[in-house]
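Working notes, structure below.
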Amino acid sequence: MTNDYHFETGIYRPPSEGGSASLLVRFTRNCPWNYCTFCSMYKTEKFELRPLKEIKSDINAMAALAGDLKSESIRLGGNGQITQEAIHALINRSPDLNFHHGADMLIQWLLSGGKTAFIQDGNSLIMPPKDLIQALTHLKTTFPSINRITTYGRARTIAQRSLEDLKAIRAAGLDRVHLGLETGDDELLKQIKKGVDGQGHITGGQKAMAAGFQVSEYWMPGLGGKEMSEQHALNTARVLNEINPHYIRSRPFRPIPDTQEYDRVQAGELTLLTPKEQLLELKLMISALEVTSKVCFDHAGNHWRTSKGDLVFTHDYEGYQFPEDKDKVIERIDQGLNFRKKF
Ligand code: SF4
């Protein structure tokens, strides 16, 4: 492989970015917080800011690979379209591409039209704003076909940035931030070491909205177990009502080995909800929502089924539009509960 193709690709991105085959561009490595007790994503890794020069070099390498694929296509009479023949020809010329961690991702992105990009890893807003702006500008200039750029962010970091800086980052091309709310309950937030309380989530979320970002908030049904189910549901709805984000996404809690929450389950300190109790918690939370958000269940963990065997919720990335679809969602939950009457 020519050195021109060297770029890094991280592991994680939200499910919706997989659905749109987003280009994954790594601006930082791992998570600058890394204390959340349910999360294993970057636990063994150290956070690093990547120098702007390195990020730009990655973007240039992606452009070189995309450009060479196009040239192969033209040489083979494919009119610049990315064809299997062009891909095979380039791999024959640079066999090390078989072992490149990001080449397949880049090719899938090109094949899907090259429209969306996701900035990795866990909290890109931690970058000095001027570096983030320059990196975004370089990405958009290099790939003008990109019409949506998204990233993970932390509410606390956003709260610490000035509105002026956030607006400049938005203007440089960052369209959407995916925020890990998890819960709006202060007691539970402290237990999971999220590093922010409910008010901090509200401040960060509202500031992201005011800066013009599309805001996507993830919450975790079942995170408080039986012990905190009700307060988790009601305070999550309360905080989300204050933010009124564009998207509310459900990512049900699953204890992951080698995390503190897993150990708490094993020690009997956290009692997992049954599927029926999960649906009851969802019903409580959804019933208390007063938002104009899209409420989404776009994660495989939202697996509840009705007695007919179909999924209670669509896994569509655009989900249900509230308030119009609120009654429909509650009706679907009731259908799931009906199936689980005996459980
Ligand atoms: S902020 Fe996100 S990535 Fe970092 S530890 Fe918490 S959940 Fe994991």
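The values are calculated or read from the model by the stated rules, or taken from the named source; none is laboratory data. The structure displayed is predicted, hence computed values, not measured ones. Glycine also receives a Cβ, built like all others from the backbone with ideal geometry; neighbour counts cover every protein chain displayed.
Any chance you could count how many residues in the stretch 108-129 are more than 16 Å from the ligand (Cβ to nearest atom) and part of a helix (DSSP H, G or I)?
Residues in the stretch 108-129 being more than 16 Å from the ligand (Cβ to nearest atom) and part of a helix (DSSP H, G or I): 5 in total.
Every residue in the stretch 169-184 that is away from the ligand (no atom under 16 Å from the Cβ) and among the acidic types (Asp, Glu), please.
The answer is ASP175, and nothing else.
Taking ASP175 and the conditions (1) in contact (Cβ under 8 Å) with a residue 60 or more places away in the chain; (2) touching a Lys or Arg at 6+ places or on another chain (Cβ under 8 Å), which numbered condition does it fall short on, given that it satisfies the others?
Single failed check for ASP175: (1).
Check the stretch 193-203 and report whether any residue there is within 23 Å of CYS39 (Cα to Cα), within 16 Å of the ligand (Cβ to nearest atom) and in contact with a His (Cβ under 6 Å, 6 or more places away or on another chain).
no
Scan the stretch 18-32 residue by residue and report those that are part of a loop (DSSP other than H, G, I, E, B), within 16 Å of the ligand (Cβ to nearest atom) and in contact with a helix residue (DSSP H, G or I) (Cβ under 8 Å, 6 or more places away or on another chain).
Once the filter is applied, which keeps residues that are part of a loop (DSSP other than H, G, I, E, B), within 16 Å of the ligand (Cβ to nearest atom) and in contact with a helix residue (DSSP H, G or I) (Cβ under 8 Å, 6 or more places away or on another chain), the stretch 18-32 yields PHE27, PRO32.
Pairs needed: first member in the stretch 22-39, among the small types (Gly, Ala, Ser); second member anywhere, more than 8 Å from the ligand (Cβ to nearest atom); C-beta distance under 6 Å; at least 6 residues apart or different chains.
SER22/THR116; SER22/ALA117; SER22/PHE118
Among the candidates LYS70, LYS53, LYS46, single out the residue that is without any contact (Cβ under 8 Å) to a residue 40 or more places away in the chain, surrounded by fewer than 19 Cβ atoms within 10 Å (Cβ to Cβ), within 16 Å of the ligand (Cβ to nearest atom) and among the basic types (Lys, Arg). Explain how you work it out, then say what you get.
Numbers: LYS70 fails: within 16 Å of the ligand (Cβ to nearest atom); LYS53 fails: within 16 Å of the ligand (Cβ to nearest atom).
Matching residue, one of LYS70, LYS53, LYS46: LYS46.
Considering only the stretch 105-119, state which residues are under 18 Å from LEU136 (Cβ atoms) and surrounded by fewer than 21 Cβ atoms within 10 Å (Cβ to Cβ).
Residues satisfying the conditions are GLY114, LYS115.
Would you mind telling me which numbered condition in (1) in a helix (DSSP H, G or I); (2) hydrophobic (A, V, I, L, M, F, W, C); (3) over 19 Å from the mean Cα position of the chain (by Cα); (4) modelled with pLDDT under 95 MET105 fails?
Looking at each condition in turn, MET105 falls short on (3).
What are the pairs with Cβ atoms under 7 angstrom where one residue, in the stretch 82-104, is loosely packed, with under 12 Cβ neighbours inside 10 Å and the other, located anywhere, is part of a helix (DSSP H, G or I)? Sequence gap at least six, or different chains.
As it stands, the answer is ASN98/ILE91, since those pairs meet every condition given.
Only one residue in LEU132, LEU189, LEU136 is assigned to a helix (DSSP H, G or I), in contact (Cβ under 8 Å) with a residue 60 or more places away in the chain and either within 14 Å of the ligand (Cβ to nearest atom) or buried (at least 24 other Cβ atoms within 10 Å of the Cβ) (or both), so which one is that?
Going through LEU132, LEU189, LEU136 in turn, just one is assigned to a helix (DSSP H, G or I), in contact (Cβ under 8 Å) with a residue 60 or more places away in the chain and either within 14 Å of the ligand (Cβ to nearest atom) or buried (at least 24 other Cβ atoms within 10 Å of the Cβ) (or both): LEU132.
Which residues, counting only those in the stretch 151-192, are out of contact with any Pro (no Cβ under 9 Å at 6 or more places or on another chain) and within 22 Å of ILE11 (Cβ to Cβ)?
Hits for the stretch 151-192 are THR151, GLY153, LEU174, ARG176, VAL177, GLY180, GLU182, ILE192.
Just to be sure I understand, how many residues within the stretch 67-102 are outside any loop (DSSP other than H, G, I, E, B), in contact with a Ser or Thr (Cβ under 9 Å, 6 or more places away or on another chain) and of a type in the set (Ser, Thr, Tyr)?
1
Out of curiosity, is ASP165 more than 17 Å from the chain's Cα centre (by Cα) and more than 14 Å from the ligand (Cβ to nearest atom)?
Yes, satisfied.
Which one of GLU281, GLU230, GLU217 is within 16 Å of the ligand (Cβ to nearest atom) and of a type in the set (Asp, Glu)?
From the options GLU281, GLU230, GLU217, the qualifying one is GLU217.
Please determine whether any residue of the stretch 3-10 is closer than 23 Å to ILE91 by Cβ, modelled with pLDDT under 90, away from the ligand (no atom under 11 Å from the Cβ) and surrounded by 15 or more Cβ atoms within 10 Å (Cβ to Cβ).
The answer is yes, given that some residue of the stretch 3-10 is closer than 23 Å to ILE91 by Cβ, modelled with pLDDT under 90, away from the ligand (no atom under 11 Å from the Cβ) and surrounded by 15 or more Cβ atoms within 10 Å (Cβ to Cβ).
Has the stretch 256-267 got at least one residue that is surrounded by fewer than 15 Cβ atoms within 10 Å (Cβ to Cβ) and on the phi > 0 side of the Ramachandran plot?
Step one: list which residues in the stretch 256-267 are surrounded by fewer than 15 Cβ atoms within 10 Å (Cβ to Cβ), which gives 256-258, 263, 266-267.
After this cut, where a residue has to be on the phi > 0 side of the Ramachandran plot as well, the list is 258.
Yes, the stretch 256-267 contains at least one residue that is surrounded by fewer than 15 Cβ atoms within 10 Å (Cβ to Cβ) and on the phi > 0 side of the Ramachandran plot.
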